[in-house]
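The values are calculated or read from the model by the stated rules, or taken from the named source; none is laboratory data. All values derive from a computational prediction rather than experimental measurement. Cβ: placed from backbone, ideal geometry, glycine included. Neighbour counts: every protein chain shown. Please note that ligands, DNA and RNA were not included when accessible areas were found on the heavy atoms of the full protein model with its side chains. Shrake-Rupley method; radii C 1.70, N 1.55, O 1.52, S 1.80 Å.
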Amino acid sequence: MARTMTPAEKQRFRNSFPILDVDKTVVTGEISHVYNCISWTVGVTDRWLWPGDALTSFDVFYRGFGFIRANDGSVAAWGRSASAMTHGSISGPGHGPRWESKCGPDLRIQHGLNELVGGSYGRVVAFYRKSRALSTAFASVLEDAMTEKTSKAYLTAHQKKTLRDQGKAVPAELRAAFDAAFAVWKKTWFDGGLAFDSNPHTRGVGKEYDALIALGPKSLPLVIETLADPENFLALQLYDAIQPDENLVVHFEPDDERILEGEQGRARRVVQAWFVNR
């Protein structure tokens, strides 16, 4: 697909990207909360990928796809600094005559490279180009992973029953407090500046989030119940913050091929670890 922006989209994007020429911007993909900018730079549309907050993490991640940092290249990495990375754009065959960005959970657009400079993404801090000297181990792993069918129903019948039983054991007062706070927090995930933000960790802020943190580890069964729904993968920020057992916190380093499972895959691993260790 390729279309122009609607008046409402132009206004929304102009608010976050003041120098974006919204009249020349081409929309190539609709809003999707499933994948983000980094996913799109490696051709993925079914999971949310994030190498880490540091440029060095981006270096390691893209190296797995055979990309090396250079003075120019088909992938541009954005950040407010080398320790506060924000975004990735791609150019070349299949991406139009200019640059293409999946703007966090929002639209995918074609734009002039520097038109996204500003407070939201900062600036381009690095380029990556393909190197014939590097292996593309991640690419082959990802190709295999993408041939597997993903399903929302990845829990066994026994695990579903376990979730129901542990949910029933949670005091009604705690559940009511959690459900109310979580519903409000979830509404913030894609609001305001977060509408264009690919970093999952940025969702772990705000009074709504603080209200959930205040419930403490006793709410963990409810967090697991929430994470069992793949669309709630951003709730990992809450789980990581209140899980007292470091052995049950799942993190992927940027050179770990499991990072290609995305945040959705990390959520699945957290849920499965919960069943194994409960």
- Asserting the computed 222 nm helical MRE of the chain (DSSP H runs at least 4 long, -39500 (n - 2.57) per run, divided by residue count, to nearest 500) equals -10500 deg cm²/dmol
- Tell me, what % of the accessible area of region 109-215 is carbon and sulfur with a 1.4 angstrom probe? 57
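Over the alpha-carbon set of region 137-278, divide Rg by the Kirkwood Rh and report the Rg/Rh ratio to two decimals.
Working: Rg = 15.7 Å, Rh = 16.2 Å.
Result: Rg/Rh = 0.97.
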- Calculate what fraction, in whole %, of the accessible area of region 11-96 sits on carbon and sulfur atoms when a 1.4 Å probe is rolled over the protein chains. 53
- Quick one: net charge around A273, please, counting Lys, Arg +1 and Asp, Glu -1 for every other residue with C-beta under 12 Å from its C-beta. +2
- Query: Excluding ligands, DNA and RNA, what is the solvent-accessible area per residue of the chain at a probe of 1.4 Å, expressed in Å²?
  - Reply: 47
- Note on the structure: Neighbours of F178 by Cβ distance under 11 Å: Lys/Arg at +1, Asp/Glu at -1, summed charge -1
- Project the alpha carbons of region 48-171 onto their principal axes and report the range along each, largest first, in whole Å. 56, 35, 28
- Item | Local electrostatic count at V22 - Lys and Arg +1, Asp and Glu -1, tallied over other residues with Cβ under 12 Å | 0
- Query: Tell me, what is a quarter of the convex hull surface for the C-alpha atoms of region 160-202, in nm² with one decimal?
  - Reply: 4.2
